[in-house]
Amino acid sequence: MSAYVNENNSQARPDGIYANVIREIAKEGVCPFCTDHLQKFHKKPLAERAYWWVTDNMYPYKPSKHHRLLIHKTHISHMNELSPEAWTELLEIFKEETTGRNITGGTFIMRFGDTKFTGASVSHLHAHIVQSDPEDAAYDKVKGLTMRIG
Ligand SMILES: [Zn+2]
């Protein structure tokens, strides 16, 4: 059992690709979102801010038009550990992302703390900005785009 990733929470994608990635990271025993390892595991362009990395999710929820990740730059796992400055910057980034990408509706979610209770596969604190794609043929008209929160 890794302190950084939770293999039990990586099964949501039916193709199994993400579960394999998380299994490999667990074997290495490192945090995939810590700056020293982020670029090994994350191949999307990164925008660096004072407190956050801003990037596309490598494994976006489907079907989505946008799935952005805001990854806290230092290793914390609970929102209680966020500084007021990091909260302020998070809001600034949220506004820039939703305005700049014309995200007129979407979901902002940040799981925190013990991954046993959150459904998160990576314990390092990060937030998601997700806009679903109701026009995609794979969009479920009843369930919509679903994501695990517990
Ligand atoms: Zn970390």
key: Number of positions in the stretch 5-37 that are farther than 18 Å from R111 by Cβ, in contact (Cβ under 8 Å) with a residue 12 or more places away in the chain and within 13 Å of the ligand (Cβ to nearest atom)   = 3
message = Against the definition (open to solvent by 50 Å² or more (accessible area, probe 1.4 Å), within 16 Å of the ligand (Cβ to nearest atom) and in contact (Cβ under 8 Å) with a residue 12 or more places away in the chain), how does Y51 come out, yes or no?
response = yes
V21 among the aliphatic types (A, V, I, L, M) and part of a loop (DSSP other than H, G, I, E, B) = no
remark   = Residue hits (the stretch 60-78; open to solvent by 50 Å² or more (accessible area, probe 1.4 Å), more than 11 Å from the ligand (Cβ to nearest atom) and not in a strand (DSSP E or B)) are Y61, K62, H78
note = Within the stretch 93-150, of all residues that are outside any loop (DSSP other than H, G, I, E, B) and free of Cβ contacts under 8 Å to residues at least 24 places away in the same chain, the one surrounded by the fewest Cβ atoms within 10 Å (Cβ to Cβ) is G100
Boolean, E89 is surrounded by fewer than 16 Cβ atoms within 10 Å (Cβ to Cβ) and part of a helix (DSSP H, G or I) = no
query = Any idea how many residues of the stretch 3-46 are more than 17 Å from T115 (Cβ to Cβ), open to solvent by 80 Å² or more (accessible area, probe 1.4 Å) and aliphatic (A, V, I, L, M)?
reply = 1
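The values are calculated or read from the model by the stated rules, or taken from the named source; none is laboratory data. If you're wondering where the values come from, they're calculated on a predicted model, not measured in any experiment. All Cβ positions, glycine included, derive from the backbone under ideal geometry; neighbour counts span all protein chains shown. Note: areas computed on protein heavy atoms with side chains; ligands, DNA, RNA excluded. Shrake-Rupley method; radii C 1.70, N 1.55, O 1.52, S 1.80 Å.
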